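Single-structure report; data block below.
Please treat every number below as a calculation from the coordinates, not as lab data. Computed from a prediction, not measured in an experiment: that's the story for all the values here. Neighbour counts are summed over all protein chains in view; Cβ atoms, including those assigned to glycine, are modelled from backbone coordinates with ideal geometry.
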Amino acid sequence: ISVLLATTFEAFFSSAKSGIMHMLPTALIILWATGLTEVSATLNTGGYIVSLLEPFITASMIPSIVFLMALLISVATGFCWSSMAITMPIAFGMAMGLGGGGEMVYIVSGAVIGGSIAGDLLIPYSDITILGASSMGVSSINHVKSHFKQVMTVIVVSFVGFWALAMSVPATVVLLLSAAILYGIHVIWAKPI
């Protein structure tokens, strides 16, 4: 029994050590993203960006710009949570500075979340792609290739949708129109497997 317990404990600690080592990069990304979030909030990065961009952009451009900004940060980091943590304080500063707050904060929140997740779906090294690919037993590159056109289509429709929301088009209209456009694209170009 003592030999069995020793083997079981040894296997347990070996597995725990391996699991911790695999999670270390993810934990560091979360830690750095949290630090960047605090720095952004403390330095009022959103307000600074507003002061730089104010002559060039209008309030109706903010959600679409934020959507693309979150998407690019997600592609760069490979982790949608870090993109959200980095982008959210900046986006809120932009929404309050140029957009006047109120409904713009809700629209910008959706743009940050949507852009971050969309960026994660475009790259083979993101957490979402790796988990999805491994659960289906395919390589992450093939997983990205299989849905790249669909993700790009949704990104374009979302970009226009966020712009329409910022132009005070009712959310119900934007959602229904976006769904109709995506359904139409599917009916026209989808091929049976």
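Tabulated data for the structure shown
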{"read-out": "Cα-based shape type of region 80-150, given that a ≥ b ≥ c are square roots of the gyration tensor eigenvalues and the cut on a/c is 1.5", "value": "prolate"}
{"read-out": "Square roots of five times the Cα gyration tensor eigenvalues for region 117-193, Å", "value": "28, 16, 9"}
{"read-out": "Top positive-direction residue, dipole computed over the chain with Cβ charges, set Thr45, Tyr183, Met104", "value": "Tyr183"}
{"read-out": "Inter-centroid distance (Cα atoms) of region 40-67 relative to region 110-173, Å", "value": "23"}
{"read-out": "Principal axes of region 62-103: Cα extent on each, largest first, Å", "value": "32, 16, 13"}
{"read-out": "Nearest-ten-degree value, helix 127-136 long axis tilted from longest Cα axis of the chain", "value": "60"}
{"read-out": "Stretchable slack from Lys145 to Leu24, in nm (0.36 nm times residue separation minus alpha-carbon distance)", "value": "40.8 nm"}
{"read-out": "Acute angle (nearest 10 degrees) that the helix 171-189 long axis makes with the longest principal axis of the chain, alpha-carbon atoms", "value": "70"}
{"read-out": "Whole-Å semi-axes of the chain's equivalent ellipsoid (Cα gyration tensor)", "value": "38, 26, 12"}
{"read-out": "Relative contact order (%) - the chain, alpha-carbon pairs under 8 angstrom, separation at least six", "value": "21"}
{"read-out": "Percent RCO, i.e. relative contact order, over region 12-104, from Cα pairs under 8 Å lying at least 6 residues apart", "value": "41"}
{"read-out": "16 Å tail of the calculated P(r), region 40-122, as % of Cα pairs", "value": "44"}
{"read-out": "C-alpha long axis of helix 62-77 to longest principal axis of the chain, angle in °", "value": "20"}
